[in-house]
1. Under unit Cβ charges (Lys, Arg +1; Asp, Glu -1), what dipole magnitude, rounded to 20 debye, does region 210-262 have relative to its Cα centre?
2. Evaluate E = 1/(1 + (r/R0)^6) for residue 270 and residue 51, where r is the Cβ-Cβ distance and R0 equals 41 Å; express this FRET efficiency to the nearest 0.05.
3. What number comes out for the charge environment of residue 137, summing +1 per Lys or Arg and -1 per Asp or Glu over other residues with Cβ under 12 Å away?
4. Report the Cα-based extents of region 64-190 along its three principal axes, largest first, to the nearest Å.
5. Sequence-distant or interchain residues sharing an amide H contact under 5 Å with residue 191, placed H: which?
6. Per-residue HN-Hα couplings for region 158-170, Karplus 6.51 cos²θ - 1.76 cosθ + 1.60 at θ = phi - 60°, whole Hz, x for Gly and Pro?
7. Quick check for you: with a 1.4 Å probe and neighbouring chains kept, what is the accessible area per residue of region 7-50, in Å²?
8. Where the convex hull is taken over the Cα atoms of region 128-286, what is its projected area averaged over directions, in nm²?
Amino acid sequence: MKLVTVRTAHDITYAGVVRGEEILLLHYPNLLRLLQDPAGMQQARQLLESNKPGLSLRTLTLMTPVPNPPTLRDFYAFEQHVKAGRAKRGLDMIPEWYELPTFYFSNTSELYGHDERVPYPVGSQELDIELEIACVIGREGKNISVDEAHHYIAGYTIMNDWSARDFQRQDMKLNLGPGKGKDFATSLGPWLVTPDELAGYRAGSGSSERYDLEMLARINGQEISRGNFNQIYYSFPQLIAYASRNARLRPGDILGSGTVGTGCILELGTEVHPWLQRGDAVELEITGIGVLRNRIV
């Protein structure tokens with residue numbers, strides 16, 4: 001299934017299921033509320049299998065799939081990105097990176113959906129994209145094992161972890177976290193795709209689980225990045241197991257993968273593409289999920 005949160009012309013929000021070019025509306029006000037109901041996914045499947053008419057996707061506004069998630073963790077799970085980013089700073093690969101899948105908490109109040117305009121961060125001169133995939137947690141759990149972790153995934157979506165690199169350089173000198181370099185905007189969408197929809201792309205299980213999903217980034221129609229989800233070093237079951245260590249994960253929690261190799265201007269270099277400007281249109285595309293598009297204003 002492809003699940004959404006949409007807003008109608010009357011400014012009312014609903015959770016919904018995608019069927020072709022139609023959206024079938026559920027009685028939940030958003031996808032978070034659906035995930036919090038143990039019967040929510042079953043109700044969505046029953047509606048999808050029914051003959052009930054839907055509304056045209058063109059008449060609705062897609063919102064970020066899970067509005068106001070309980071938490072948003074962003075990991076650092078692609079080795080190529082980590083190596084390239086450190087090399088840009090004249091640093092060797094940090095050995096400790098291979099010991100644990102580190103993450104930071106991002107801001108859940110500045111989330112943007114598909115085709116929503118993203119404000120340029122005031123005071124920055126170096127706005128960047130980060131091409132990522134994210135999973136959304138579908139059930140509560142703590143100290144989850146790697147082998148059981150896949151049962152906790154409600155679905156996957158595309159994530160753009162917008163980054164103000166000049167702010168980030170200042171943040172990181174203090175050895176605490178990205179801070180203002182990250183918390184002004186995160187885009188997610190266009191919808192949440194359940195794991196069964198992607199089963200044909202999956203190989204392995206547990207720590208070895210990978211998906212053969214091509215990941216692309218375009219700026220103003222020009223492709224600047226192409227990678228694959230199967231290049232991830234730490235699998236999502238590993239990320240979930242680590243995130244849930246001594247901590248409760250809840251329905252709606254979001255876990256970002258971190259940037260795929262070549263998935264940002266910082267890694268590619270401004271000789272490949274300059275920092276983003278107001279008016280730029282950014283498209284991130286992942287096989288089996290779709291396209292997440294935003295314009296900078």
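1. Values: 6 positive and 4 negative charges, 51 e Å.
Result for region 210-262 is approximately 240 debye, rounded to the nearest 20.
2. Values: r = 54 Å, r/R0 = 1.31.
Computed FRET efficiency for residue 270 and residue 51: 0.15.
3. Working: positive: 73, 139, 142, 248, 250; negative: 140, 253.
That sum, taken over residues with Cβ under 12 Å, equals +3.
4. Extents along the principal axes, in whole Å: 40, 39, 23.
5. Here the answer is 158, since their amide H atoms fall under 5 Å of that of residue 191.
6. Result, rounded to whole Hz: 8, 9, 10, 8, 4, 9, 8, 5, 5, 5, 4, 4, 5.
7. Values: 2450 Å² over 44 residues.
On a per-residue basis, 56 Å².
8. Numbers: hull surface 39.2 nm².
With the hull built on Cα positions only, its mean projection is 9.8 nm².
The values are calculated or read from the model by the stated rules, or taken from the named source; none is laboratory data. In this text the structure is predicted, and so the values were computed from the model without any measurement. No Cβ is skipped: glycine too gets one built from the backbone with ideal geometry, and neighbour counts run over all protein chains shown. Accessible surface is based on the protein model in full, side chains and every heavy atom, while ligands, DNA and RNA are left aside. Shrake-Rupley method; radii C 1.70, N 1.55, O 1.52, S 1.80 Å.
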